[in-house]
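Novice: Please read through the structure below; I'll follow up with questions.
The values are calculated or read from the model by the stated rules, or taken from the named source; none is laboratory data. Values in this document were obtained by computation on a predicted structure and should not be read as measured data. Counting neighbours? That spans all protein chains shown, and the Cβs are built from the backbone with ideal geometry, glycine included. Surface areas here come from the heavy atoms of the whole protein model, side chains and all, with no ligands, DNA or RNA. Shrake-Rupley method; radii C 1.70, N 1.55, O 1.52, S 1.80 Å.
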Amino acid sequence: MMNLAILGFGTVGSGVAKVLAENAAEVAAGAGEEVRLKYIVDVRDFPDSPFAPLLVKDFAVVENDPEVGLVVETIGGCGVALTFTRRALQAGKHVVTSNKQLVAEHGVELLALAKEKGVNYFFEASVGGGIPLLRPLFNDLSANKILAMKGIVNGTTNYILTAMEQSGKELDEALKEAQALGYAEQNPDSDLDGTDAVRKACILADLAWGRELKPEKVPAEGIRGVALQDIRNAASTEGAIKLLCRLIRQEDGTVYAWVAPHFVPKTSMLAHVDSAFNAVVITGSAVGDVLFYGTGAGSIPTASAVVGDVVDAVRHKHAPRGIGWTDAPLTLGDPDTLPARWYIRSGDSWSITEAMPAGMLPQAQVRYRVLD
Ligand code: HSE
């Protein structure tokens, strides 16, 4: 039997507890042994929760309990989450996380520590929520050179853009709905400004190319500047405005990475990805384009990916998987030098340009690349 602890009883942590309880038989069958939730660590009290008897406030209880072989970190951020992850790995416990900021910023260190200690550090839920994405990228596409990845990786902003398009809602109202549904970050600025999407893009790049892409190196434009007018203009010509992460690797190894709103023609499947759904297209040299689509945020879908990692970690508890990347940086190019067609608008006047690099664009209030 594997005993585990959940750190952080928020949106994702409570979903993990629920999925472990409701699908205990499936989890045990997959893992090859019973998986028992022994503790939940949180500084808050949850007297009405059915899991209240498992709650403890001190992480040291988990750290010092030799029966606990696996820790699920769903605290988020790089504060105590980083400290507790280091301590759990040091104590020889497998760690599973949904924390994209931690993986994007400290993945090199934590994966190296996991390797040294002979344990697994898994993070499938960190990109694409419930979509099986990172494991297929790492395992099933490993025969390919990864040429490009593009996608919608933030459920909150996609929910907002969809609500603006379909119901004419303003951004603030749609954001409140997304928050109520448990999609948004604690501080939604990282959703709205594209920071969350940048972190996810970095994890995709790290895994695909084996070198570290630091979040601060990725130019990001969020959705605060997207007006209803832009969304209606796009819809009038069979298009949609979508916040995309883009990663392109040229033959010489140069990587172009950015996050920005795009004008996406309806001929692209990405234009039809609505609400909190996410989708990522990975282009491999052998396979061509592969589309991963599903629920990208929310308690139970994200818990699906976390608990899937738990099962895999237990299954591989004696032979940890050697996932990792080096801190050697990727060679980066400036995305503004890549020619693209652009949607440009000033006042009520808008058009789609010929393909050109950003530097050649005429002055415009709004400029979004067209996804060709
Ligand atoms: N705030 C994130 C999103 C949660 O909206 O996609 C899932 O990573």
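Novice: Counting only protein heavy atoms, what percent of the accessible surface of the chain is carbon or sulfur at a 1.4 Å probe? Numbers along the way, then the final one.
Specialist: Details: 7820 of 15410 Å².
After summing per-atom areas, the C and S share lands at 51 percent.
Novice: Between the alpha-carbon centers of the stretch 284-324 and the stretch 207-254, tell me the distance in whole angstrom.
Specialist: The distance from the Cα centre of the stretch 284-324 to that of the stretch 207-254 comes to 23 Å.
Novice: Calculate the length of the line joining the C-alpha centroid of the stretch 156-204 to that of the stretch 39-76, in whole Å.
Specialist: 29 Å
Novice: Then there's this: Of all DSSP beta bridges in the chain, what percent run antiparallel (nearest 5)?
Specialist: Numbers: 38 of 63 bridges.
Taking every DSSP beta bridge within the chain, about 60 percent pair in antiparallel fashion.
Novice: Pull up the cross-link candidates among the lysines for LYS100, meaning alpha carbon to alpha carbon under 19 Å and not fewer than 8 places away within one chain.
Specialist: Straight-distance partners of LYS100: LYS150, LYS200, LYS214, LYS217.
Novice: Same structure, new question: Quick check on the chain: helices-only [θ] at 222 nm, where DSSP H runs of length 4 and up contribute -39,500 (n - 2.57) each and the sum goes over total residues. Nearest 500, please.
Specialist: Taking each H run of at least 4 residues, the total per residue is -10000 deg cm²/dmol.
Novice: On a 1.4 Å probe surface of the protein chains, which of PHE292, PHE59 comes out largest in accessible area, and what is the full order?
Specialist: Working: PHE292 25, PHE59 5 Å².
The ordering from most to least exposed comes out as PHE292, PHE59.
Novice: Please compute the contact order of the chain in relative form: average sequence separation of alpha-carbon pairs under 8 Å and at least six residues apart, divided by the residue count, as a percent. Display every interim value, and only then the final one.
Specialist: Numbers: 797 pairs, mean separation 73.7, N = 372.
Value for the chain: 20 percent.
Novice: Which of CYS78, VAL16, LEU110 sits closest to the plus end of the dipole of the chain, meaning its Cα is farthest towards the positive end, when Lys and Arg get +1 and Asp and Glu get -1 on the C-beta?
Specialist: LEU110
Novice: Using only protein heavy atoms and a 1.4 Å probe, report how much of ASP172 is accessible, in Å² to the nearest 10.
Specialist: Estimated to the nearest 10 Å², ASP172 gives 100 Å².
Novice: Also: Let's test this: bin the Cα-Cα distances of the chain at 20 Å from zero up to the farthest pair and state each bin's percent.
Specialist: Spelled out per bin, shortest first, that is 30, 55, 15, 0.
Novice: Right, something else. Can you sort ILE248, ILE40 by solvent-accessible area, 1.4 Å probe, largest first?
Specialist: Heavy-atom accessible area, descending, gives ILE248, ILE40.
Novice: Does the stretch 179-282 come out rounded, prolate or oblate by the C-alpha gyration tensor, with a ≥ b ≥ c the root eigenvalues, rounded set by a/c under 1.5 and, if not, prolate when a/b is larger than b/c and oblate if not?
Specialist: Values: a/c = 1.95, a/b = 1.33, b/c = 1.47.
Oblate is the answer for the stretch 179-282, as a/c is 1.5 or above yet b/c matches or exceeds a/b.
Novice: Starting from the amide H of ARG211, placed 1.01 Å from N in the peptide plane, find each other amide H under 5 Å away whose residue is 5 or more places distant or on another chain.
Specialist: THR326
Novice: Per residue, what accessible area does the stretch 319-372 have, given a 1.4 Å probe and all protein chains present, in Å²? Don't skip to the end; give the middle numbers.
Specialist: Numbers: 3030 Å² over 54 residues.
Solvent-accessible surface per residue comes out at 56 Å².
Novice: Using +1 on the beta carbon of Lys and Arg, -1 on that of Asp and Glu, and nothing else charged, what's the dipole of the chain about the Cα centre, debye to 20? Walk me through the numbers before you get to the answer.
Specialist: On the way: 34 positive and 45 negative charges, 105 e Å.
Dipole size: approximately 500 debye.
Novice: What is the stretch 134-295's relative contact order, in percent, from Cα pairs under 8 angstrom and six or more apart in sequence?
Specialist: The value is 34 percent.
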